[in-house]
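The values are calculated or read from the model by the stated rules, or taken from the named source; none is laboratory data. Just so we're clear, the structure is a prediction, and the values are computed from it rather than from any experiment. In this analysis, Cβ positions are derived from the backbone assuming ideal geometry, glycine residues included, and neighbour counts consider all displayed protein chains. Keep in mind that these areas ignore ligands, DNA and RNA; they rest on the heavy atoms of the full protein, side chains included. Shrake-Rupley method; radii C 1.70, N 1.55, O 1.52, S 1.80 Å.
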Amino acid sequence: MSPFSFSATALLAAPDQNDFTINDFYNMAADGRAVRTLDPDVVIVDITECDRLGTAQVLDFIRECSPRAVGVDIVFRAPSDDDSLLLVTLRAMPQAILAETVRPAGTEKDVRFAPDEVSFFRDSLTAYKGGVVNLPTASNSSPVREFAPEFLMADDRVAQSFASAVARQADPEKWADLARRENKHEVINYVSRSYLIYTPEEMVANADELYDKVVLVGAMREVADMHPTPVKRRMSGVEIHARAISTILNQSYYYQLPDPANWAIAFLLAFSVIFCALMLPAAGKGLLLRIFQITLLYVIIRVGYTFFVDHSVIMNFSYSLLMVTFGLFATDIWLGLTAFGKWVLSRFRRRGAACDAGIENTPVKNESLPQI
């Protein structure tokens, strides 16, 4: 928020910020503050170094700690030599949500999905509960800003997202509030939030921290599961799910100002700039206009940041920034074209006047008409 310490060029040049939005800047500015909040509900267990048996042992230990919900961000695609402990543990853990993925099965107008990857034991667990871990982004390199509460399947079945399913297991009332919002996507609240993150060895020494908590199990250092976000260049999928779950459980949703309101604000601000350009006296007009323009740009960013961080309201001021920035430029072009047109018109008038004057001053030679 310091006007002279921000390098927009370095920010926009980042290869994974090719669709940078003003809200990404608000997220980065807010997340960079010294204040942090340790999430009281969610704990992450990093199993990057664990094999299949080690993962089963971790889940068995978590089960004995009586957590509220367990989100297993792993797809067990194929059976291994000894999955007996894993299957026994999952059968005795009704609060576990297992990861699964989907793929598009519909058209652009009718976006539906079909099952893609699921754990091999899905049909053998009577109390199986799954959640879709797909993250909605514009492209593979786009930052993950939102999560989808649910996915409409090709057979008209509704599949819960991983974050939504875990939150539903942990707190059905908070999940019901999410369902009542009926939004296709929800903005993830990333700002200034930290989590207790344990390796399997540290988890054993901090078993009391798992009691009555939402425990997420996943690999935090797997390259294939790293994604760009508004606050970090690379963040693991399990961390993104943790922030989506926290958004639901803390009910820290964002409310987006409708697009017509954003455009109305942009037109009013642009009108104010152009009105000043037309009404200010000629003496010092250029300097005063530029000072007013820069001040207005800073105020727009500051107001948008305050609403985003303090009131959880997303005001898309990108339209306002563009119109205020180029409003005076458009005015300069209009005035320049007008002056150029007047100059061209005056030249034609002068030339026409000169031609008329030349015709009037030309002596007329009198000749007698021939007689018939």
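For segment 30-153, the square roots a ≥ b ≥ c of the C-alpha gyration tensor eigenvalues yield an a/c of 1.5 or more together with a/b not exceeding b/c, which makes the shape oblate.
Both radii were evaluated on the Cα set of segment 249-297; the Rg over Rh quotient, with Rh as the Kirkwood radius, amounts to 1.27.
For the chain, the longest principal axis of the alpha carbon atoms and the long axis of helix 318-361 meet at an angle near 20°. Surface exposure of segment 167-267, expressed per residue as accessible area with a 1.4 Å probe, stands at 48 Å². Segment 95-164 and segment 221-239 have Cα centres lying 19 Å from one another.
Taking 7 Å steps out from each Cα toward its Cβ at Glu182 and Val303 produces label points 3.2 nm apart. Full extension of the segment from Asn250 to Leu53, taken as 0.36 nm per residue of separation minus the current Cα-Cα distance, would add 67.5 nm.
Tell me the net charge near Leu335. Cut-off is 14 Å between Cβ atoms, Leu335 excluded, with +1 for each Lys or Arg and -1 for each Asp or Glu. Walk me through the numbers on the way to the answer.
Working: positive: Lys285, Lys342; negative: Asp332.
Result for the local shell: +1.
Short version: what are the Cα gyration tensor semi-axes of segment 104-227, square root of 5 times each eigenvalue, largest first, in whole Å? Mind showing how you got there, number by number?
Numbers: eigenvalues 143, 70, 59 Å².
Three semi-axes, in Å: 27, 19, 17.
Under the rule a/c < 1.5 gives rounded, and otherwise a/b versus b/c splits prolate from oblate, where does segment 231-345 land using the Cα gyration tensor? Walk me through the numbers on the way to the answer.
Numbers: a/c = 3.20, a/b = 2.95, b/c = 1.09.
It is prolate, given that a/c is not under 1.5 and a/b is the larger ratio.
Looking at this model, which pairs from Lys129/Lys232; Lys174/Lys232; Lys174/Lys213 are more than 24 angstrom apart at the alpha-carbon?
On the way: Lys129/Lys232 31 Å; Lys174/Lys232 27 Å; Lys174/Lys213 15 Å.
With Cα atoms farther than 24 Å apart: Lys129/Lys232; Lys174/Lys232.
Of the labelled options (1) 66, 24, 17; (2) 55, 24, 17; (3) 26, 24, 22, which one gives semi-axes √(5λ) of the Cα gyration tensor in Å as computed for this structure? Recomputing semi-axes √(5λ) of the Cα gyration tensor in Å here gives the entry labelled (1). Relative to the longest principal axis of the Cα atoms of the chain, the long axis of helix 237-249 lies at roughly 90 degrees. Taking the DSSP beta bridges with both ends in the chain, the antiparallel portion is around 30 percent. Between 0 and 90 degrees, the angle of helix 52-64 with respect to the longest Cα principal axis of the chain falls at about 80 degrees.
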